[in-house]
1. Exactly one of (1) within 15 Å of the chain's Cα centre (by Cα); (2) touching a residue at least 12 places away in the same chain (Cβ under 8 Å); (3) open to solvent by 20 Å² or more (accessible area, probe 1.4 Å) is unmet by VAL94. Its number?
2. With respect to LEU59, determine if the residue is modelled with pLDDT under 85, aliphatic (A, V, I, L, M) and either open to solvent by 80 Å² or more (accessible area, probe 1.4 Å) or under 26 Å from LEU98 (Cα atoms) (or both).
3. Restricting to segment 87-101, count the residues that are modelled with pLDDT under 95 and out of contact with any Phe, Trp or Tyr (no Cβ under 9 Å at 6 or more places or on another chain).
4. If you check every pair at least six apart or on different chains, which have Cβ atoms under 6 Å apart with a residue in segment 1-26 that is under 11 Å from ASN64 (Cα atoms) first and a residue that is of a type outside the set (A, V, I, L, M, F, W, C) second?
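The values are calculated or read from the model by the stated rules, or taken from the named source; none is laboratory data. Since this is a predicted model, take the numbers as computed values, not measurements. Glycine gets a Cβ as well: all are built from the backbone with ideal geometry, and neighbour counts include every protein chain shown. Each accessible area value is taken on the protein alone, full model and side chains, heavy atoms only, with ligands, DNA and RNA left out. Shrake-Rupley method; radii C 1.70, N 1.55, O 1.52, S 1.80 Å.
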Amino acid sequence: MRRPINFILLGVLFTLLVMIRFFEMDLFYDPYLLFFQNDYLYMDFPNREVLKLTLHTSLRYFLNSSISLGILYLVFKEVSIVKFSAIFYGLAYVILILIFLYFVINPRQEDYYLFFNFRRFLIQPICLLLLLPAFYYYKLRR
C-alpha cells in the first residue's frame, strides 16, 4: 500500500514543479522572462526593481528547493540525504544569488549569456536533476 501512495506523492510534487514553471509569468516578477525569450544579445537590459526581483527569484528558488527536497526524500527515504541536500541548496543559494545580483546591478551586454545560465539555476530545479542521479549512484555503490 505504501508504494502507490509514494508514486502519487511523487506525481503531485513533480506536478507542482511543472505548475511553478507553467504559471511563472503570473506568480513571479521577472522582467527577464520576456527578455531572454527574445533576441537578447542585441537588446538593452530591461528596467527592473532589484529588491522585488531578488525577493521573487528567492521565493521561486525556495519553492523549487522545498519541492525537490520532498522528492529526494520520497525517492531515497533517507533523512541524511535530505539534510545534505538542504545544506547543498543553502550554499548554492548564497553563491548563486550573489552572482545573480552582480549581473543585475552591473549589466553588460557581453555577460548576458552567462547571466542567463546562472539565473537558470535559481529559477529552475536544475540541482534536482544533478542530485537524483548522484544519490542513486551513491546508493548503488554503498
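1. (2)
2. Values: modelled with pLDDT under 85: no; aliphatic (A, V, I, L, M): yes; either open to solvent by 80 Å² or more (accessible area, probe 1.4 Å) or under 26 Å from LEU98 (Cα atoms) (or both): yes.
Spelling it out, it is not the case that LEU59 is modelled with pLDDT under 85, aliphatic (A, V, I, L, M) and either open to solvent by 80 Å² or more (accessible area, probe 1.4 Å) or under 26 Å from LEU98 (Cα atoms) (or both).
3. Number satisfying all stated conditions: 1.
4. Once the first residue is under 11 Å from ASN64 (Cα atoms) and sits in segment 1-26, its partners that are of a type outside the set (A, V, I, L, M, F, W, C) give LEU13/GLY70; LEU17/PRO125.
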